[in-house]
Amino acid sequence: MVSVINTVDTSHEDMIHDAQMDYYGTRLATCSSDRSVKIFDVRNGGQILIADLRGHEGPVWQVAWAHPMYGNILASCSYDRKVIIWKEENGTWEKTHEHTGHDSSVNSVCWAPHDYGLILACGSSDGAISLLTYTGEGQWEVKKINNAHTIGCNAVSWAPAVVPGSLIDQPSGQKPNYIKKFASGGCDNLIKLWKEEEDGQWKEEQKLEAHSDWVRDVAWAPSIGLPTSTIASCSQDGRVFIWTCDDISSNTWSPKLLHKFNDVVWHVSWSITANILAVSGGDNKVTLWKESVDGQWVCISDVNKGQGSVSTSVTEGQQNEQ
């Protein structure tokens, strides 16, 4: 059974576009068309406003927490073409860096796994993806993938820093050979996989084609080192696909349709154990999905807008009838 454990009144003056818990689940960051980013302490079911961050000049689409080993750091991106990195110093949140290298709305920000250092991927409507790497002393190095997606990039998501199959194959004591990878989704209806080459340049490794309209979100699933890699994608076409790759050397990805919704699907998000996928769409519902023993994806919840009422269903398609 799924239940609503907390409702936060953010006092945002316009639509909320993203809400993200920090690593410890004690703080919630939200962002809105009212141009603000807010941070709340949500421990013990409370909701104390810690910070109201103003610096963007347009709707703020997404926020992302960095790993706490780097301190309390939050990134935000906006229609104003800017990415702002905020940092808490002595209990006060301040702007620590502003990236203005895009020519259009920046739609998505995602921090790389902490093993790689402090690296932020940013996807923009100008079609480019930029990678900001912290080099120390307050400096950020920028790499840019131009024309990553024609007409625009809507989402970026890093692959976990776990070698597929390492849980079974990794010789003990040997340092894993990390290869940085991330996925992106765009207005060309494509999901693209990107890999860092040995010379530090980023190369398109794969195109995944199944959607018939703009890809709105991609989410690379967390991994404990099992052989299969998994990515979820959602689109303007109302469909959610689960992509799996069983053999990283062949790099062959196969899509499975999770569900066809009646409206645009905006976001997909994995649980930390990667066994439950949250899907939110234009029908103002969040649904939770789990893979059954026979490999079918089933809806295990249906959280309706506003009322906090929850019904559980075990058959696909049931949530469209409610």
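For the reader, a short list of remarks on this structure follows.
- Count - residues of region 205-231 that are farther than 15 Å from Gly165 by Cβ, in a strand (DSSP E or B) and touching a residue at least 24 places away in the same chain (Cβ under 8 Å): 10
- Neighbours by Cβ (under 6 Å, 6+ apart or cross-chain): first from region 57-85, within 12 Å of Leu118 (Cβ to Cβ) and among the β-branched types (Val, Ile, Thr); second at pLDDT 95 or above and surrounded by fewer than 21 Cβ atoms within 10 Å (Cβ to Cβ): Ile73/Lys87; Ile85/Thr96; Ile85/His97
- Glu197 at pLDDT 95 or above and more than 15 Å from the chain's Cα centre (by Cα): no
- Any hit, region 235-253, residues being under 14 Å from Ala155 (Cα atoms) and either within 18 Å of the chain's Cα centre (by Cα) or open to solvent by less than 30 Å² (accessible area, probe 1.4 Å) (or both): yes
- Considering residues of region 8-18 that are in contact (Cβ under 8 Å) with a residue 40 or more places away in the chain and under 17 Å from the mean Cα position of the chain (by Cα) only, the residue most open to solvent (accessible area, probe 1.4 Å): His17
- Residue in region 45-56 that is touching a helix residue (DSSP H, G or I) at 6+ places or on another chain (Cβ under 9 Å) and without any contact (Cβ under 8 Å) to a residue 60 or more places away in the chain present: no
- Checking each residue in region 36-58 for being of a type in the set (D, E, K, R) and surrounded by fewer than 20 Cβ atoms within 10 Å (Cβ to Cβ) picks out Asp41, Arg43, Asp52, Arg54, Glu57.
- Number of the condition not met by Ser33 [criteria: (1) out of contact with any Gly (no Cβ under 8 Å at 6 or more places or on another chain); (2) open to solvent by 10 Å² or more (accessible area, probe 1.4 Å); (3) closer than 26 Å to Gln139 by Cβ]: (3)
- Of the strands (runs of 3 or more DSSP E) lying entirely inside region 129-183, the ones with 2 or more residues being among the charged types (D, E, K, R) and modelled with pLDDT of 80 or more are found at 139-145.
- No other residue among Trp61, Trp65 is open to solvent by 30 Å² or more (accessible area, probe 1.4 Å), under 21 Å from Arg216 (Cα atoms) and out of contact with any Leu (no Cβ under 8 Å at 6 or more places or on another chain) apart from Trp61.
The values are calculated or read from the model by the stated rules, or taken from the named source; none is laboratory data. What you are looking at is a predicted structure, and each value in this text was computed from that prediction instead of being measured. No Cβ is skipped: glycine too gets one built from the backbone with ideal geometry, and neighbour counts run over all protein chains shown. Please note that ligands, DNA and RNA were not included when accessible areas were found on the heavy atoms of the full protein model with its side chains. Shrake-Rupley method; radii C 1.70, N 1.55, O 1.52, S 1.80 Å.
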